[in-house]
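Below is one structure, written out as structure tokens, with a few remarks after it.
The values are calculated or read from the model by the stated rules, or taken from the named source; none is laboratory data. Being a predicted model, the structure only gives us computed values, none of them experimental. Cβ sites come from the backbone with ideal geometry, for glycine too, and all protein chains shown count toward neighbours. Ligands, DNA and RNA are stripped out before the accessible areas are found, and what is left, the full protein with its side chains, is counted by its heavy atoms. Shrake-Rupley method; radii C 1.70, N 1.55, O 1.52, S 1.80 Å.
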Amino acid sequence: MMKAVFEPSNLFISEIEWQNQESRDKFLEHLLDNLKNISDYEITKIYWTDELEEILWEHPQLPPWRQDRDWKIQIVPIIYKLFNSVKENLPNHKQLTSCTVQPGFNSQDPSDLILNYFLELIHILIDRNENIYLCLGIKTNKQEYIFSCKCHDFKVHPTIIENPIQWLNYIDIINTYWPSSVNEIDKLHESLKILFKIHNSQPIQEYEFSPQFVKDIIKATNHREKILQSIVKRLLLTKQQAAKDMNLQDEYLKPKKEYRFRVTPRPASTRIHYKYAKNKILFLKYYDEGEHDEGL
């Protein structure tokens, strides 16, 4: 599991920005959505140090959300619980000082001290030859950041996370949510919920899976990602749109009184069969490689 670091403006905001309702709301939404996605889906851990911890919770100049009497009662416990559930402390045994970052961060906040501690944290990762996710604050420009120092050849080229929704692209859906028995149908539903979130969409029609369909995909060892992608695509289209889609090739099988759409083209020729039942799409069966003629 690749670990992550939070660019400091995720947690530290200036007093001026905090007093502006719009910037405050965006800051809190961005922070909480990042923490919630990481926590809910167990995507990664956030590297942290004692120095950053002290500034966040004990330093005389606390972040505004720690000092604001009207906010700290409701916000601090939420942030504290979420952040502590995903952070991993990284000791600085070698007393490494700060490294450099190119290009520099565009935000004038956090303070030089906070940024210095953050760059010390990255220097520890340089010493460990370790790459990470870099989760950007809401005002920090997305660029190809490179962290380096004069004492090591290794440079950190982080994977950039600009928006909280991007964390979902790094969930191992197949290994985490693929059902291994009919009783694990909830895993299948959860995997589709994640994909709908990634698409920022919702299915236009309710749907269900027959026990036979779940049994079929449990046995499928190939094309698992394509199976999920095809299901999501079909559920985002109307009947007319699906019929016109050249990739799905959705068609009605009159003798069987059911529909089918393509998962993979020839030579694999895998298909999913379904029907409309009580205004829902009911997924009936998955035909794997070499089986699609059986569904005719």
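Let's see how each residue does on (1) part of a loop (DSSP other than H, G, I, E, B); (2) more than 25 Å from Val86 (Cβ to Cβ); (3) not charged (D, E, K, R):
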| site | (1), (2), (3) |
| --- | --- |
| Lys193 | no, no, no |
| Thr221 | yes, yes, yes |
| Lys226 | no, yes, no |
| Gln241 | no, yes, yes |
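Working only within the range 142-180, note down all residues that are closer than 14 Å to Asn131 by Cα and among the aromatic types (Phe, Trp, Tyr).
Across the range 142-180, the qualifying residues are Tyr145, Phe147, Phe154.
What's the total number of residues in the range 132-151 that are in a loop (DSSP other than H, G, I, E, B), under 22 Å from Tyr170 (Cβ atoms) and without any contact (Cβ under 8 Å) to a residue 60 or more places away in the chain?
Of the residues in that region, 5 qualify.
Identify the residue in the range 35-51 that is in contact with a strand residue (DSSP E or B) (Cβ under 6 Å, 6 or more places away or on another chain) and not β-branched (Val, Ile, Thr) and, among all such residues, is surrounded by the fewest Cβ atoms within 10 Å (Cβ to Cβ).
That would be Lys45.
Identify, please: which residue in the range 220-242 is of a type outside the set (A, V, I, L, M) and more than 22 Å from Gly290 (Cα to Cα) and is, among those, surrounded by the fewest Cβ atoms within 10 Å (Cβ to Cβ)?
Filtering first and then ranking leaves Gln240.
Count, please, the residues in the range 111-149 that happen to be within 16 Å of Gln95 (Cβ to Cβ) and charged (D, E, K, R).
3
What are the residues in the range 243-296 that are open to solvent by 30 Å² or more (accessible area, probe 1.4 Å), within 18 Å of Ser210 (Cβ to Cβ) and assigned to a strand (DSSP E or B), if any?
Those that are open to solvent by 30 Å² or more (accessible area, probe 1.4 Å), within 18 Å of Ser210 (Cβ to Cβ) and assigned to a strand (DSSP E or B): Tyr259, Lys275, Tyr276, Ala277, Lys280, Leu282, Leu284, Lys285.
Looking at the range 156-190 only, could you name the residues that are open to solvent by 50 Å² or more (accessible area, probe 1.4 Å), part of a helix (DSSP H, G or I) and among the hydroxyl-bearing types (Ser, Thr, Tyr)?
Correct list: Tyr170, Thr176.
What's the number of the only condition in (1) assigned to a helix (DSSP H, G or I); (2) surrounded by fewer than 18 Cβ atoms within 10 Å (Cβ to Cβ); (3) at pLDDT 95 or above that Asn129 fails to meet?
(1)
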